[in-house]
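In what follows, a structure is listed as structure tokens, so that the remarks can point back to it.
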Amino acid sequence: MSGSSVFRSAQPVRDADPALPAIPTSLVEVDVVRQWRDGVPGAVAVFDGESGPDLAAAAEPFDVDIAVLQAVGASSTAGDVRAVPLPSGGVGWVVGVGSGEPVKWRSAGAALARALRARLDQAAESDDEIGDLGDASDADYLQIRLPDDVDGEAVSALTLGLALGGYRFRVTAKPTPPRLRKVLLVAPEGADVAALGEQVRRTRELSAATALARDLANAPSNIKDPAWFTGVAAELAADVPDLTAVVRDEKWLADNGFGGILAVGGGSSRPPRLLELTYRPKDVEGPHLVLVGKGITFDTGGISIKPAEGMHLMRTDMSGGAAVIGALLTIARLELPVRVTGLVPSAENHVSGSAYRPGDIVRHYGGTTTEVGNTDAEGRMVLADALAYAVDKLEPDLLVDVATLTGAMKVALGLRTGGLFATDGELADRVREAGQRVGEAWWRMPLLEDHAEDVKGQLADVKQTPQGPGGITAALFLREFTGGLPWAHLDIAGPARADKDYAEVVPGGTGFAARSLVALAASFSN
């Protein structure tokens, strides 16, 4: 097919710049075991007691007095981590988990991972092989004693925090810093180790979806153009059974009428692409879910140029596309029995003599025309093409798009909650419940019909940037391209980026929505 590339074996796309760290980022291995091991650095949880932190239970595995834990300031506050000097030399760790809800375990795991990373960094900078983490053979190991009443939900939350809390992405000439490589979760007597181990395995796959989405978002845009971005995804998909990747170039897009993607990408010397990821497990029936992710690899705003302050963060404007890529890879690796297709329209929104203009009329895939009001509202332009293509060619039963779309969502919901718009109540509930299961918060927003007429164009079929509440009118614009199918729009402009640590999140691209998309797909496979 002219203008398309089907990837069936690995291509050296990720090696375009040897200074980049390895993609995907390696995550800590987590195993569930039955016995506590001598000589391996250990960690113990501190719970709320009747009159304060229960330090006695935490002190017992380390064979120290409660006074030692009191002296280092140990507490049950979720995520509070303290190093404890041990009689045998080296250190142990105590970490607060509050009353032990899963969200507290997630914060605890993340904080512990960050504390260990800092200790390893300190040891490396001081030319001390291992610092005081333990014997050389065990410097990158940790064991954590699980409480007697532990359940799979708590173990999953702890695993998620451990896997993602110590994440980092740095482009540097320095040697790769040491990292925590393996954690042993020591199960209590009588626990079902096999079942807990399966929980850990699935959670590590979820964590991998988030970590890859972070990698792609954090990659600098001098390297991350549409060809690189979609090529990395295709390369990774080539090694996953039942997952096929096709990358369409600008010629194919022009031949097939993808006017929105071409308009947005027209101002850049680096042409746009459309990635299609197809997951088709054998002998599976049920609904066909299509996920569409915005893939703007850098957004200057175009002719409606953005202010300089904060523009550097626009390297993460493809976070929705990254979430779809991470989700499709994990859905396939988990072998979920559900049909899923991922579409990522990718372009660089730049300024030049060939850039599209306010006042232009753009013809999308399928023929619908849009009156352009602001070239910085580029996300909806590329998503419209992809949604229309999905309706026309892919025979979906449900559509979900995800995008860093509007600043209005940051104002409405802040930086830790995604906006959820939906035409179908059941689908909205599934998205929200999927997020709850994997630690991502969604808040349903209204599709106000009072503003539906505002989206209608005067010179074209629809208007790109009508007056009114920005997040809602953007969603109403996209609805015009969904063919009346059950559809959800996820606006992640707020939670897709972070400037500080919280829970399992670290500064930079957060990978938000990737886990929710996997959990959503899993909800249709039951």
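Things worth noting here:
- Normalised Debye scattering of the range 187-338 at q = 0.11, 0.15, 0.19 Å⁻¹ gives log10 I(q)/I(0) of -0.52, -0.85, -1.18, counting only Cα atoms as equal scatterers and leaving out solvent.
- Whether the range 69-227 is rounded, prolate or oblate, judged on the alpha carbon gyration tensor where a/c under 1.5 counts as rounded: oblate
- Taking Cα atoms only, the orientation of helix 514-523 departs from the longest principal axis of the chain by about 90 degrees.
- Prolate/oblate/rounded label for the range 133-236 (Cα gyration tensor, a/c 1.5): oblate
- Per-residue 3J(HN,Hα) values for the range 32-46, derived from phi via the Karplus relation 6.51 cos²θ - 1.76 cosθ + 1.60 with θ = phi - 60°, read 9, 10, 9, 10, 6, 10, 5, x, 9, x, x, 9, 9, 7, 10 Hz in sequence order (x marks Gly and Pro).
- Plainly put, the chain has a radius of gyration that is 1.01 times its Kirkwood radius, both from alpha-carbon atoms, as the Rg/Rh ratio.
- In summary, the aspartates and glutamates within cross-link reach of Lys282, defined as a Cα separation below 16 angstrom excluding same-chain residues under 8 places away, comprise Asp242, Glu335.
- Taking all pairs of distinct alpha-carbon atoms in the range 396-526, Kirkwood radius in angstrom: 15.3
- Annotation for the range 476-512 versus the range 288-312: alpha-carbon center distance of 12 Å.
- Carbon + sulfur, % of accessible area of the chain - ligands and nucleic acids excluded, 1.4 Å: 47
- Dipole moment magnitude, nearest 20 debye, the chain about Cα centre, only Lys, Arg, Asp, Glu C-beta charged: 1200
- Full-stretch length increase - Asn222, Gln458 - with 0.36 nm per residue and alpha-carbon distance subtracted: 81.1 nm
- Percent of C-alpha pairs per 10 Å bin, the range 194-236, short to long: 25, 39, 21, 12, 3
- Prolate/oblate/rounded label for the range 344-468 (Cα gyration tensor, a/c 1.5): prolate
- For the residue pairs Lys294/Lys410; Lys410/Lys463; Lys306/Lys410; Lys104/Lys294, the alpha carbons lie more than 21 Å apart in Lys410/Lys463; Lys104/Lys294.
- Toward the positive end of the charge dipole of the chain, with +1 on the Cβ of Lys and Arg and -1 on the Cβ of Asp and Glu, the farthest Cα among Ala493, Leu447, Ile303 is that of Ile303.
- Counting only protein heavy atoms and a 1.4 Å probe, the chain has 40 square angstrom of accessible area per residue.
The values are calculated or read from the model by the stated rules, or taken from the named source; none is laboratory data. Since we're looking at a predicted model, the values are computed, not measured. Note: ideal-geometry Cβ built from the backbone for every residue, glycine included; neighbour counts use all protein chains shown. Areas reflect the complete protein model, heavy atoms only, side chains present, ligands, DNA and RNA absent. Shrake-Rupley method; radii C 1.70, N 1.55, O 1.52, S 1.80 Å.
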